[in-house]
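Notes to accompany the following structure.
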């Protein structure tokens, strides 16, 4: 799992703009991210068209957007992360002050070593 914090410039309402951009692209039948969870206030769950996994987006204090990146195959979370960063850079580069990424441990169990007899 990766946790991403996106800090907007000048209290820009980034979460609302991100969701609006996804809706706009969906109406045009473009874009690779799409809503995959129920519609909730200040929260969204997105999936990617090509990569297994999902993003949990949430509006935080100070208009910071908190995003959790998860994949069915934890070793492939980097592809979702790359797609997310590309989306943010293409559409909101001038409105973002900082992006912080926390690299948390994945849900992969370590391989068990076979005991020699």
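The values are calculated or read from the model by the stated rules, or taken from the named source; none is laboratory data. Computed from a predicted model, the values in this text were never measured in an experiment. Cβ coordinates were reconstructed from backbone atoms using ideal geometry, including for glycine residues, and neighbour counts include every protein chain displayed.
A quick yes/no check of all residues on (1) closer than 15 Å to residue 101 by Cα; (2) under 13 Å from the mean Cα position of the chain (by Cα); (3) assigned to a loop (DSSP other than H, G, I, E, B); (4) at pLDDT below 95:
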| residue | (1), (2), (3), (4) |
| --- | --- |
| 4 | yes, yes, no, no |
| 7 | yes, no, no, no |
| 31 | no, no, yes, yes |
| 52 | no, yes, yes, yes |
| 66 | yes, yes, no, no |
| 72 | no, no, yes, yes |
| 76 | no, no, no, yes |
| 86 | yes, yes, no, no |
| 90 | no, no, no, no |
Checklist entry - Of 50, 56, which residue is under 19 Å from residue 71 (Cβ atoms), without any contact (Cβ under 8 Å) to a residue 60 or more places away in the chain and loosely packed, with under 13 Cβ neighbours inside 10 Å? => result 50
Next on the checklist: Can you report the number of residues in the stretch 33-42 which are assigned to a loop (DSSP other than H, G, I, E, B) and in contact (Cβ under 8 Å) with a residue 40 or more places away in the chain?
Outcome noted: 0
